Amino acid sequence: MGKVDRCEQLKKESQSQRKKFVQDMRQNEKEQEKLKRQYLKEQEEAKAAEAKARAKARSANGRFEKALQAGKSSSTFSKASGHLKQESDDEEEDEVIQPKNKLRQVRDDDNDDGDDDDEAEEVLQPTTSSLSGGAGKVKETKKQQKKNKHKDEMRFLVQEQRAARRQRIISRLLHIFVIGFFWDGTEERSTQKSSKQESSKQRSKGNSKSSSDSWSFGSLMDKASVFMQGPMLMLIFTVVLGFLVIAGEDYNPDSLQSQDINLYEVLGVDNEADVLSIRKAYKNLALTWHPDKNPNCEACAARFATIGEAYEILNNPEKRKAYDQRRAPDGSLESIASVDLTAEDFESRVLRSNDIWYVEVYNSNDGMSKSFHPMWEDFAQTNHALAHFGRVDVSKHRNALRFFPQRVLMFPVVWRFVRGQEPEMFQPNFNEVERSNPLAPFIQATYPEARIFKGGEELKNWWSSSSELPRILISGPVGNARGGRGNQMHFSQVVRATVLWSEFFDVAFADSKIVSMSLPEAATKAAGTGKGGKGGKGGSTPWSIALRQNATSGATGSAPEVKSASTLEKVLKQFQEVVWHSLSDRAPHLTIRNYGQLCGGAHTAIRTYCCVMVDAADETKVKEALAGLKASRLAFAQEALEIQNSGDEEGGEEEEPFHIQVVQVSTSSSRLPWKPVAAGSGFNSLWSVVKKAPFFVFEAETRRLTPVWTASLGDLYQQIAYDDLKFSELPESHGFGALLSDPEAPLQREFSHFLATPLGAAGAFMLAALASAILPEFSWSTIGATAVGFAGVLLVSWPLLTRRCLEFILFR
């Protein structure tokens, strides 16, 4: 029993120890878990404190940045300065109060010791006096030190803000140029790598998971937004630039003289010319343009072939009749009497023309347009001598509708265009289809009206008043000329000529009786005695064309030049002779609008050369050149007359007369609206073909040019007539008309042309990049002031913009 009890006791003790051991183990585990939780809590509190400190620092940084942007007078900046100043004052007070507290402590100790009162008093008196005497100096010194410290701190803050702003600008520029996008990725990967190395193994998975989360959908969207601010912004800029360049390339001034060929104009004869007149014109032109006389001119051979084809058709009665009828195949919408216009050439041929244009807008798939086509064809053929006629097929060239003043919804519709006048529209009424010519009332109502003086006093005031343009007065039986179909047709042709030359002359009409009584010097001496034929030819009273020069020609005091015409049909020829004679004493500025008239020999059979003066700013040199050319013209005419009278011509062949017109071209634009505009950007390359000569002669029909190096033009007619000047053909890549100045060019086209150059594209790219990087750092007021300053710089550096602004202010 004793052994059994002992075993039971040992067993109980063993169980008790085991139970105690388990309890101790559990207690230890609880304590370790508690310590672990406490450790983690401390770590979290430390991180929270650190984050709070960082947030507080960022908040303070933002407050100081706003204070700097708003100025030192702003409330935020003042509060920050006051806070720093308060801290400085508190520190100064502590330093001043501290010795006073020490003094008070010494006094208390001495009062406790009664034996040493006298000795302590002797010690305290000098200490008190020294402290009270030096307290002011110490305080003043400390204040100065703290004030300097405060300034240093504010200066340091300003430098930090500037550095942060500079860093943000650089970051935006790098993102715009794509470099920052990859730079951010490199920095992010390096940051993730360092964080992984510092973290523990248990949190490495979490960190790797968070690093993988950095490439989640949200982070990718953030990166995409950054990418949109950089590469995509520049891509959009490039696309817009491309559209501007393409829009600017639609305009082609060289299309002024393309396609529209009139065989009568090729030979320089009227539509009613007889066979003898056609043969004579062909003989003179064939001698002038024969390839043997122009061995180095390929265009002369083509011109000679065109003259031969025109003569072959017009000299044959049957072919001429078929040509005059100009009938298109039945059921076809093709037109022979009008010109097909497109979006590329509409502006150059119609809107940049000094002539009168009637344009039909139709749809080749529309039934009404097909029904209207015969009426339009008959209308254009009947009135081809009164205006130019063109058509726009919207089914093929819908982009051309942007040139019309209002939206066209129904087809067909007819528009009239005249320079300086608002366009007029005509909508056919198909309920009146039975009428023979529904367009006749429209042309009568919208055809430009001539200026006709009916009173002598009004006429005299107009004639004697000062004007920048020379004045031409056409007098005759104006009342009879406007009545009757034949007279009205010839009179309208004269009116068309006056509209064509309205850029250079101020033209008016008056009855010959009024002119004889009010302005006898402007009337022909044969007034009332000439034989003008029947009433259909303008009556028995002859017509007169009087020219009065303007002040710039220096001939205002001289008698007017007067020419007479026996019939209304000859008035047009006499008028053109007066125009060319007046222009020969002037040097107008060459533009896209007047290029065809001055250099193309428009509406005349005379061979025309243009003598181009480049950058002739000195009026004295211009007058000397005109005087020399006039002397050369008179001498050459005298030589031709002597040769003709001597009978030495070979086989009776006569040299065809030609005309030289002096014009001016400027390579720099003026900011004043009444001054000339510079030629196109490509003119310098064309000028280099003639080695930048001060003068060069250009023939538009053959596209030939040659430099002239003489200071005077006293023998230019002789040099051209006797082939002393060696002409060279203009390269096909150079279109002379496209290189001339266009005072009416839209700013959008000029801007797109500038952006099309490498310098313009690079400059616009850099300007956009700098603006997107710098402007976000400024306030709206600063941005507005910057925009105003940029507009001022643009006005100074871009003469055309200044010119348009002045035109808007002065003339609208």
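Miscellaneous remarks
- Qualifying residue in the stretch 729-745 (condition: closer than 30 Å to residue 682 by Cα, in contact with a Cys (Cβ under 8 Å, 6 or more places away or on another chain), in contact (Cβ under 8 Å) with a residue 24 or more places away in the chain and open to solvent by 30 Å² or more (accessible area, probe 1.4 Å)): yes
- Residues that are touching a Ser or Thr at 6+ places or on another chain (Cβ under 8 Å) and assigned to a helix (DSSP H, G or I), drawn from the stretch 704-723: 716, 717, 718
- Selected residue [aliphatic (A, V, I, L, M), closer than 16 Å to residue 663 by Cβ and in a helix (DSSP H, G or I)] from 571, 578, 622: 622
- Given (1) at pLDDT below 80; (2) open to solvent by 50 Å² or more (accessible area, probe 1.4 Å), index of the condition residue 780 fails: (1)
- Remark: residue 225 matches the filter, which requires a residue to be modelled with pLDDT under 50, part of a helix (DSSP H, G or I) and either of a type in the set (A, V, I, L, M) or exposed (fewer than 13 other Cβ atoms within 10 Å of the Cβ) (or both).
- Qualifying positions in the stretch 285-298 - of a type outside the set (S, T, N, Q) and surrounded by fewer than 18 Cβ atoms within 10 Å (Cβ to Cβ): 286, 287, 290, 291, 292, 293, 295, 298
- Given (1) in a helix (DSSP H, G or I); (2) free of Cβ contacts under 8 Å to residues at least 40 places away in the same chain, number of the condition residue 774 does not satisfy: (2)
- Those residues of the stretch 373-415 which are polar (S, T, N, Q) and crowded, with 17+ Cβ neighbours inside 10 Å, in sequence order: 381, 383
- When 754, 790, 765 are screened for being among the aromatic types (Phe, Trp, Tyr), modelled with pLDDT of 80 or more and part of a helix (DSSP H, G or I), only 790 passes.
- Count of the stretch 676-703 residues which are in a strand (DSSP E or B) and open to solvent by 10 Å² or more (accessible area, probe 1.4 Å): 1
- Qualifying positions in the stretch 420-432 - at pLDDT below 90 and either open to solvent by 40 Å² or more (accessible area, probe 1.4 Å) or aliphatic (A, V, I, L, M) (or both): 420, 427, 429, 430, 431, 432
- Selection within the stretch 547-562: residues that are under 16 Å from residue 473 (Cβ atoms) and in contact with an Asp or Glu (Cβ under 7 Å, 6 or more places away or on another chain). The member of this set that is modelled with the lowest pLDDT is 550.
- Out of 282, 362, sole residue that is crowded, with 16+ Cβ neighbours inside 10 Å and free of Cβ contacts under 8 Å to residues at least 40 places away in the same chain: 282
- Residues in the stretch 453-495 that are in contact with an Asp or Glu (Cβ under 8 Å, 6 or more places away or on another chain), farther than 22 Å from residue 358 by Cα and either open to solvent by less than 50 Å² (accessible area, probe 1.4 Å) or part of a loop (DSSP other than H, G, I, E, B) (or both): 10 in all.
- Qualifying residues in the stretch 783-812 (those that are within 30 Å of residue 165 (Cα to Cα) and open to solvent by 50 Å² or more (accessible area, probe 1.4 Å)) - the one farthest from the chain's Cα centre (by Cα): 785
- A search for C-beta distances below 6 Å between a residue of the stretch 668-689 that is closer than 18 Å to residue 799 by Cα and any residue that is open to solvent by 70 Å² or more (accessible area, probe 1.4 Å), counting only pairs 6+ apart in sequence or on different chains, returns 676/589; 678/668.
- Verdict on residue 706 being open to solvent by less than 10 Å² (accessible area, probe 1.4 Å) and without any contact (Cβ under 8 Å) to a residue 24 or more places away in the chain: yes
The values are calculated or read from the model by the stated rules, or taken from the named source; none is laboratory data. Since the model is a prediction, treat every value here as computed from it, not as a measurement. Neighbour counts run over all protein chains shown; Cβ positions are idealised from the backbone, glycine included. Protein only, heavy atoms only, side chains kept; ligands, DNA and RNA dropped before computing areas. Shrake-Rupley method; radii C 1.70, N 1.55, O 1.52, S 1.80 Å.
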